[in-house]
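The values are calculated or read from the model by the stated rules, or taken from the named source; none is laboratory data. Just so you know, these numbers come straight off a predicted model, no measurement behind them. Heads up, the Cβs are rebuilt from the backbone with ideal geometry, glycines too, and the neighbour counts pull from every protein chain shown. Protein only, heavy atoms only, side chains kept; ligands, DNA and RNA dropped before computing areas. Shrake-Rupley method; radii C 1.70, N 1.55, O 1.52, S 1.80 Å.
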Amino acid sequence: MLQSPIIVGVLIAIPLLSYSILYLLQERLLFPLTKASTEVLQWARQTWPDSEIWLTTPDGVLLHGWYLKTNQRNKFPLLIYFGGNAEESTGFLTYRDYFSAWGILAVDYRGYGLSGGKPGEKQLFADAIFLYDHFANQPEVDSHHIVAMGRSLGSGVAVYLANQRKLAGVILISPYDSITAVAQEFYPYVPVPWLLKHPFDSLALAPQINTPVLGLIAENDDLISPERSKTLLSAWKGPSRWVLIPDRNHVDITEGKYYWESIQKFLAQFL
């Protein structure tokens, strides 16, 4: 007779315990801090010796990254890159040749690479605004031709920036409508909206943004499903175009057919 209440208690306790674990560990899952590779850092410092930057945010956190100028123009257009959740910004510099006419700004999130502090949705959003405001006012930057490029986690940061500041264009790689919706697909029986502290709700902002957007979607993406990306891009107020990259997944999308061609064609309109 006593077994029934015990069994009921266990059945209640197990999901509650699981929810507690997910709540406590969500930062580790969403922000798997990636440190800078010594070899990659050395390569970047040798290749672009005057491009390494350190910036202190208004709340006193020291951020590390790279600001690559171009001598092709007196005032050059600027690409601001926001990486994925396990990505360190120095690696993006390997794609420099695809953006030869552009200045590039790639700064590590808090806690990533050599940047200090701890990441969070509010912190990443605030830092994006800080970076934009700082570099849009540099005399060599054409402030009318700034494009934000966000990959995976960084797509949410790029969307937020487009909602808050005037951009010429936005490039979103493997974007999501919200982290809440993505997590709910992975944990269908978990009350994700109640537990998630960093929802990154891009879908709520998209209908307010007039900036032209290019979306790049991996056909076989098993982390952010193509439907999540299409939902966001379909809600975009401004001109919106998405390209399906065939036979590629979340990790190798950059190696897919049409990927770089689509990016360069999109950027060409701002030169």
- Rounded to the nearest 10 degrees, what's the angle between the helix 259-268 long axis and the longest principal axis of the chain, both from Cα atoms, 0 to 90? 50
- Message: What do you get for the angle between helix 38-47 and the principal long axis of the chain? Use alpha-carbon atoms, 0 to 90 degrees, nearest ten.
- Response: 20
- Task: Quick one: order 78, 244 from most to least accessible surface, probe 1.4 Å.
- Result: 244, 78
- Message: Let's test the formula: R0 of 35 Å, r as the Cβ-Cβ distance of residue 184 and residue 271. What FRET efficiency results, to the nearest 0.05?
- Response: 0.30
- Between the residues 107, 199, 239, the Cα farthest towards the positive end of the dipole of the chain, that dipole coming from +1 and -1 charges on the beta-carbon of Lys, Arg, Asp and Glu, is from 239
- Message: Need one number: nm distance between label points at residue 50 and residue 164, each 7 Å from Cα along Cα→Cβ, rounded to one decimal.
- Response: 3.1
- Tell me, what ³J(HN,Hα) does each residue in region 52-65 have, in order and in whole Hz, if you take phi through Karplus 6.51 cos²θ - 1.76 cosθ + 1.60 with θ = phi - 60° and put x for Gly and Pro? 6, 10, 10, 10, 9, 6, x, 9, x, 8, 8, 9, 10, x
- Note on the structure: Expressed in square angstrom to the nearest 10, the accessible area of residue 134 with a 1.4 Å probe stands at 70
- HN-Hα J couplings of region 141-153 from phi, Karplus 6.51/-1.76/1.60, θ = phi - 60°, integer Hz, Gly and Pro as x? 9, 7, 5, 8, 10, 10, 10, 9, 10, x, 10, 6, 3
- Item | Average accessible area per residue (Å²) across region 50-165 - probe 1.4 Å, nucleic acids and ligands excluded | 37
- Query: Got a sec? What order do 118, 35, 197 fall in by accessible area at 1.4 Å, biggest, i.e. largest, first?
  - Reply: 118, 35, 197
- Largest fluctuation, 61, 213, 159 only, Gaussian network model of the chain with Cα springs under 10 angstrom, belongs to 61
- With all protein chains present, calculate the accessible area of residue 57 using a 1.4 Å probe and round the result to the nearest 10 Å². 10
- Message: Full-extension gain between residue 210 and residue 227, please, as 0.36 nm times their residue separation minus the C-alpha to C-alpha distance.
- Response: 3.9 nm
- Message: Tell me which chymotrypsin sites (Phe, Trp or Tyr not before Pro) from region 143-219 have a DSSP coil assignment and no more than 16 other beta carbons within 10 Å of their own.
- Response: 189
- Sort the chain into rounded, prolate or oblate with this rule: let a ≥ b ≥ c be the square roots of the eigenvalues of the Cα gyration tensor; rounded if a/c is under 1.5, and if a/c is not under 1.5, prolate when a/b is larger than b/c, oblate otherwise. prolate
